[in-house]
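The values are calculated or read from the model by the stated rules, or taken from the named source; none is laboratory data. Worth saying up front: this structure is predicted, and the values here are computed from it rather than measured. Glycine also receives a Cβ, built like all others from the backbone with ideal geometry; neighbour counts cover every protein chain displayed. Calculation scope for accessible area: heavy atoms of the full protein, side chains included, ligands and nucleic acids excluded. Shrake-Rupley method; radii C 1.70, N 1.55, O 1.52, S 1.80 Å.
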Amino acid sequence: MIWFTILLVVLVLAALWASMATALLRATLGLALTSALLAVVMYALGATLAAVIELSVCAGLITVVLVSVTSLTQPRTFKEALAARRSRLRRFWPLPFVLLAAGIGLSFVRVPVDIVLKVPAADGDVRTVLWSLRQLDLFGQILILLAGVFGVLVLFRKEAK
Amino acid sequence: MTIVIPQSFWLYFTFFALLFLDGIWCMLATRNMVRVLIGIEILMKSVTLFLIAAGYLSGRMALAQALVITVIVIEVVVVIVIAGVILGFFRKHDSLDVGNTREMKG
């Protein structure tokens, strides 16, 4: 259990790095590291299929998209970057302390949990659940993907002369 | 059939809350659009962690994985569309400042 708690602490530290890093590229790498660590957590909890998808899609594809956005947007001058760094430090320095205090505070919370959930009786293989019980989710996923494609096409259409 | 959530729920809840707080702070304390997107991503990670922990604690991992896969698909589409919006906005206004998004009105 200790190694698992350490893994979760490292996950939060990676997310903290992603939000506090001065350079956008480092923040993107921090996010990729967070996704990879989350995939390890999922694997440790037995969610192997979701872990593989998290690792390939979130740590891979989304990182590529964010790096592309970062490289396609114009870099700042040295003076602008320095001023932005100072302003950024002013806004973000309390965050690690807030997280530490929240973590310590929440670790002492031991309210008895008597949540009783009514759940369906069967919970078999993830493929069976996904293809047989959650077909509407798949339909929704297809619609969302089509909406995404349509959105990108609208964004990058050429203006009529 | 009913399920009683065990005490280890608080371990996962603590780390979910920390990730959620981190994501909210990241979104609120910045004016850069890409960083707002990174904040949204961190929020999504916290929700994913909570879903997986809920599946693990309730013994319904297959259902939790199905939901997480749906969340990941939504996450990818959201990131790609927002990335497109950011690029389009940058080409038009030469800025990534969220304060300038008022010009997108109408």
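Answer with one residue from B:42, B:32, B:88: the one whose Cα lies farthest towards the positive end of the charge dipole of the range B:9-93, charges on Cβ with Lys, Arg +1 and Asp, Glu -1. Comparing the listed Cα positions along the dipole, B:88 ranks first. Taking B:94, A:137 and ordering them by how much accessible surface each has at a 1.4 Å probe, largest first, produces B:94, A:137.
Compared with its chain on its own, the range A:18-34 contains the following residues whose accessible area drops by 30 Å² or more in the full protein assembly (probe 1.4 Å; ligands, DNA and RNA excluded): A:19, A:24, A:31. Each of A:133, B:67 has its accessible area taken with a 1.4 Å probe; listed largest first, they run A:133, B:67. Averaged per residue, chain A has 64 square angstrom of accessible surface, using a 1.4 angstrom probe with ligands and nucleic acids left out. In this Cβ point-charge picture (+1 for Lys and Arg, -1 for Asp and Glu), the protein assembly as shown has a dipole of about 1020 debye about its Cα centre. Exposure check, 1.4 Å probe, all protein chains in place: residue A:89 carries approximately 100 Å² of accessible surface.
The accessible area of residue A:156, taken with all protein chains in place and a 1.4 Å probe, comes to roughly 90 Å².
Placing unit charges on the Cβ atoms only, positive for Lys and Arg and negative for Asp and Glu, gives the range A:2-115 a dipole magnitude near 700 debye about its Cα centre.
Given R0 = 30 Å, the distance between the Cβ atoms of residue B:101 and residue A:56 translates into a calculated FRET efficiency of 0.40.
Taking every Cα-Cα distance in the protein assembly as shown and sorting them into 10 Å bins starting at zero, the pair-distance distribution P(r) comes out as 6, 27, 32, 22, 10, 2, 0 percent. Solvent-accessible surface of chain B, averaged per residue with a 1.4 angstrom probe and all protein chains in place: 41 square angstrom. Accessible surface comparison of A:107, A:87, A:19, probe 1.4 Å, protein chains only, largest first: the order is A:107, A:87, A:19. Using the Cβ-Cβ distance between residue B:91 and residue A:143 with R0 set to 45 Å, the FRET efficiency from 1/(1 + (r/R0)^6) comes to roughly 0.95. Toward the positive end of the charge dipole of the range B:9-93, with +1 on the Cβ of Lys and Arg and -1 on the Cβ of Asp and Glu, the farthest Cα among B:21, B:11, B:57 is that of B:21. Overall, the ratio between the Cα radius of gyration of chain B and 2.2 N^0.38 Å, rounded to two decimals, is 1.36. Basic side chains Lys and Arg get +1 at the Cβ, acidic Asp and Glu get -1 at the Cβ, and with that the dipole of chain B about its Cα centre reaches some 160 debye.
Surface composition of chain A: carbon plus sulfur atoms contribute 72% of the solvent-accessible area (1.4 Å probe, protein chains only, all chains present).
With just the Cα atoms defining each centre, how far is the range A:2-22 from the range A:34-84? Give it in Å. What the calculation gives is 14 Å, centre to centre. Here the spin labels are modelled as points 7 Å beyond Cα on the Cα-Cβ line, and at residue A:107 and residue B:31 they lie 3.7 nm apart. Placing a label point 7 Å from the Cα of residue A:87 along the Cα-to-Cβ line, the residues of the range B:63-106 whose backbone N sits under 16 Å from it are B:94-102.
The count of lysine pairs in the protein assembly as shown whose Cα atoms are under 24 Å apart, excluding pairs fewer than 8 places apart on the same chain, comes to 6. Take each residue in A:82-90, count the other chain C-beta atoms within 10 Å of its C-beta, and the mean is 1.
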